Amino acid sequence: MQRTHHTEQYSPASFNELDQHIAFHEAGHVTAIYIRNHQQKLPPVFFQIILNKNEKKEYPFFARVEGGRLIENLPIAEIEKNNLETELERKDLTKAYEADVINLLAGPLAEAKFVALRDDEVFNPHLVNIIALKNYGGHSDLEQANQYLEYFIADTEERELKMKSLFEQAFQFIDTPDNWKCIKHFANYLLVNGQGNISCEQASATLEDFLSYSR
């Protein structure tokens with residue numbers, strides 16, 4: 001899941017700020033992939049987090065979630081969609097692509113909530129709407145989310161309604177207090193982690209330990 005970067009000169013202070021933005025963004029993705037998928041009784045998926053922290057700060061803190069998709073290959077999924085024989089199979093495919101879209105939107109939404117809380121501003125779906133997610137590193141996430149819906153929904157109006165519904169579900173996930181606590185915990189974990197690669201198992205264990213402790 002690729003964050004949108006803007007080319008500019010960074011001061012030490014702005015580097016620290018960018019670190020936090022990215023950490024919350026990627027924590028939103030990871031927490032949604034792991035916790036929400038589990039809540040929806042979806043199959044486990046593989047993912048990893050690539051970290052690159054340059055000590056000289058010539059480049060910004062970089063974190064990227066790789067994998068984590070229930071549907072990895074959209075063209076193949078579209079072919080399979082046309083060959084599904086039962087209503088249950090069609091529902092399973094719909095549930096999978098909807099979860100992937102929600103998990104994509106969760107990243108920029110988590111970053112947006114972090115910024116709103118930091119600046120003592122209101123966080124609601126009217127102020128932070130789908131278009132506004134581009135201001136929180138979400139340009140690529142939105143592109144990928146739209147690709148999903150274009151593959152599975154031909155009608156433009158129906159596609160817009162589906163995106164609105166999935167956005168609302170992603171917003172609700174991020175804004176649920178228990179989920180937000182997990183996102184904050186994982187964002188802080190990313191900020192202090194010295195590894196270059198965090199495996200799916202490590203990320204899952206970190207979230208599970210936090211959930212067990214907070215129960």
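Nothing in this text is a laboratory measurement; each read-out follows from the coordinates by a stated rule. Keep in mind that this is a model prediction, so the values were computed, not measured. Here Cβ is always computed from backbone atoms with ideal geometry, including for glycine, and neighbour counts include all displayed protein chains.
Which one is nearest to the chain's Cα centre (by Cα), of the residues in the stretch 192-215 that are part of a helix (DSSP H, G or I) and exposed (fewer than 11 other Cβ atoms within 10 Å of the Cβ)?
First, the residues of the stretch 192-215 that are part of a helix (DSSP H, G or I): 192, 200-214.
Imposing the further condition that a residue be exposed (fewer than 11 other Cβ atoms within 10 Å of the Cβ) reduces the set to 192, 201, 212-214.
Values: Val192: 20, Glu201: 18, Ser212: 23, Tyr213: 24, Ser214: 22 Å.
The residue in question is Glu201.
Val128 fails exactly one of the following numbered conditions: (1) assigned to a helix (DSSP H, G or I); (2) farther than 17 Å from Asn37 by Cα; (3) of a type in the set (Val, Ile, Thr). What is the number of that condition?
Unmet condition: (1).
Out of everything in the stretch 134-154 that is assigned to a helix (DSSP H, G or I) and in contact with an Asp or Glu (Cβ under 7 Å, 6 or more places away or on another chain), what residue ends up being farthest from Pro108 (Cα to Cα)? If you could, list the steps in order and put the result at the bottom.
Residues of the stretch 134-154 assigned to a helix (DSSP H, G or I): 134-136, 139-152.
Next cut, in contact with an Asp or Glu (Cβ under 7 Å, 6 or more places away or on another chain) only: 136, 148, 151.
On the way: Tyr136: 5, Tyr148: 17, Tyr151: 22 Å.
Taking the candidates together, the pick is Tyr151.
Residue-wise test of (1) within 19 Å of Ala96 (Cβ to Cβ); (2) in contact (Cβ under 8 Å) with a residue 60 or more places away in the chain; (3) out of contact with any Phe, Trp or Tyr (no Cβ under 8 Å at 6 or more places or on another chain).
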| position | (1), (2), (3) |
| --- | --- |
| Ala145 | yes, no, yes |
| Ile153 | yes, no, yes |
| Glu157 | no, no, yes |
| Met163 | yes, yes, yes |
| Leu166 | yes, yes, yes |
| Gln169 | yes, yes, yes |
| Asp175 | no, yes, no |
| Asn179 | no, yes, no |
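Is the stretch 126-139 home to any residue that is surrounded by 22 or more Cβ atoms within 10 Å (Cβ to Cβ), more than 15 Å from the chain's Cα centre (by Cα) and closer than 28 Å to Glu66 by Cβ?
Checked the stretch 126-139: at least one residue is surrounded by 22 or more Cβ atoms within 10 Å (Cβ to Cβ), more than 15 Å from the chain's Cα centre (by Cα) and closer than 28 Å to Glu66 by Cβ.
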